[in-house]
Amino acid sequence: MKYNVHTLPNGIRLLHVPAASAISHACIIVNSGSRDEQESKSGLAHFIEHLIFKRTEKRNTNQILNRLESVGADLNAYTTKEYTCIHASFLNPYLDRTLDLFNDIVFHSTFPEEEIEKEKSVVLDEIASYLDQPEEAIYDDFEDLVFAGHPLGRNILGTTESVGKLNKKDILQFIATNYHTDKIVVAVLGNYSLNKVVKIGSKHYSDIPANLHTATRIAPLKVEPITQTFQKPIQQAHAMLGAQAYSLQHPYKTGLLLLNNLLGGTGMSSVLNLQIREKYGIAYTIETGYSPLSDTGIFTLYFGTDKEKVNKAWALIFKEFKKLKDKPLTEVQLQKAKNKFIGQIALGEENRIGLIISMAKSLIDYDKIDDLQTVFRKIQAVSTTDMANITHEILDESNLTSLTFYPLA
């Protein structure tokens, strides 16, 4: 997909993606997330994402929420380990209104004390709700094992203790330290000319003072694999397996994305779903995941089943791992896996808000955006030798950490 990038004097980049549609999509992404927090301020990035919708220098909460929703638009936001993203979908005439609101909430929020205290209760409820879902909570506990002692291992939401202590000074200091203008992308996908996007983007963002990044993030150390089990007041067992994996820049990143999709990725025809669920009826959900980050990554496997079936599930999983390691994929098998992955990526482009967010992240991570044909070429370039090497490294049982939640006896 064609795109244009215009860099403002303060370093903020405007990403323009032309698309012939009556609906437009936009986002502002800040390359700052939970990994950039101090341990005692855990949850701060996510807390800020909540508070920017509360009050700005010229708008109250109702005015912020109604600014786009009053014209039928959708406005939302989320926080990850490395990003904060605000995004919206709207009718074409409302681009100026959208970029103005993004500017207002990101750069002109006032964080009144009463809203800070009120939102703490909301986030604490969110944390409690999350802990009540073992299939979600186990992911955070698992990341804490894989990235032990590192900010990447901490829950994005924070803890009840850390969130309860957050204050306005913490918020302003975090923004000043982490909201670097040369690590911010404002992206627009819609039926606009480049000149219009640059004109409106410059109007709202050129006056933001430059705040260029200087410090670099500290990569996590490798940790010794461990096996942990816990009993919890739950009905079903939940289990995870995995380890640190390749970063965004690693030459094997594409190969591991391919292996992940083959093993337990999207769809019902993955190796593990066919063997564990369809053949033996052991687990309702079994999936793998791979999240590459700026300086590391994580590969995970999750399943949920009755506690009596956990050992059988592990045995079958490791049996499939052994098959992949002992008998590498043939050219025909690998091409089938590539065809499936390429088709899924192509279909994913229909999710236009997801597409523009992905493109904005790519601009931050790589200073460029690969078009579909380039992405497909990279997938096709993965060899059977690459896949064998990746499989032996990632699926090496001696390097894998496991965590299992069992129902109370």
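The values are calculated or read from the model by the stated rules, or taken from the named source; none is laboratory data. All values reported here derive from a predicted model rather than from experimental measurement. Here the Cβ positions follow ideal geometry from the backbone for every residue, glycine too, while neighbour counts run over all protein chains shown.
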Can you name the helices (runs of 4 or more DSSP H) wholly within region 337-409 that have at least 1 residues being touching a residue at least 60 places away in the same chain (Cβ under 8 Å) and in contact with a strand residue (DSSP E or B) (Cβ under 8 Å, 6 or more places away or on another chain)?
352-366, 384-394
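Within region 181-217, which residues are assigned to a loop (DSSP other than H, G, I, E, B) and either within 28 Å of residue 18 (Cβ to Cβ) or of a type in the set (Lys, Arg) (or both)?
Matches in region 181-217: 191, 192, 193, 206, 207, 208, 217.
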Name the one entry in 254, 229, 181 that is more than 24 Å from the chain's Cα centre (by Cα), among the hydroxyl-bearing types (Ser, Thr, Tyr) and at pLDDT 95 or above.
229
Being in the same structural domain as residue 151 (by TED's automatic domain parsing), of a type outside the set (Gly, Ala, Ser), at pLDDT 95 or above and closer than 19 Å to residue 202 by Cβ is true for just one of 76, 10, 60. Which residue is that?
10
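Assigned by TED's automatic domain parsing to the domain that holds residue 20 and surrounded by fewer than 17 Cβ atoms within 10 Å (Cβ to Cβ): which single residue out of 106, 122 fits that description? Show your work before the answer.
On the way: 106 fails: surrounded by fewer than 17 Cβ atoms within 10 Å (Cβ to Cβ).
Going through 106, 122 in turn, just one is assigned by TED's automatic domain parsing to the domain that holds residue 20 and surrounded by fewer than 17 Cβ atoms within 10 Å (Cβ to Cβ): 122.
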Residue 211 at pLDDT 95 or above, closer than 22 Å to residue 110 by Cβ and not assigned by TED's automatic domain parsing to the domain that holds residue 113:
yes
Hey, among the residues in region 131-154 that are assigned to a loop (DSSP other than H, G, I, E, B) and under 18 Å from the mean Cα position of the chain (by Cα), which one's surrounded by the fewest Cβ atoms within 10 Å (Cβ to Cβ)?
150
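Of the residues that make up region 83-101, is at least one part of a loop (DSSP other than H, G, I, E, B) and surrounded by fewer than 19 Cβ atoms within 10 Å (Cβ to Cβ)?
Within region 83-101, none of the residues are part of a loop (DSSP other than H, G, I, E, B) and surrounded by fewer than 19 Cβ atoms within 10 Å (Cβ to Cβ).
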Given the residues 110, 79, 98, 61, which is the only one that is of a type in the set (S, T, N, Q) and touching a helix residue (DSSP H, G or I) at 6+ places or on another chain (Cβ under 6 Å)?
79
So, in region 116-168, how many residues would count as being within 26 Å of residue 299 (Cβ to Cβ) and of a type in the set (Gly, Ala, Ser)?
5
Regarding residue 285, is this residue hydroxyl-bearing (Ser, Thr, Tyr) and either farther than 14 Å from residue 259 by Cα or touching a helix residue (DSSP H, G or I) at 6+ places or on another chain (Cβ under 6 Å) (or both)?
yes
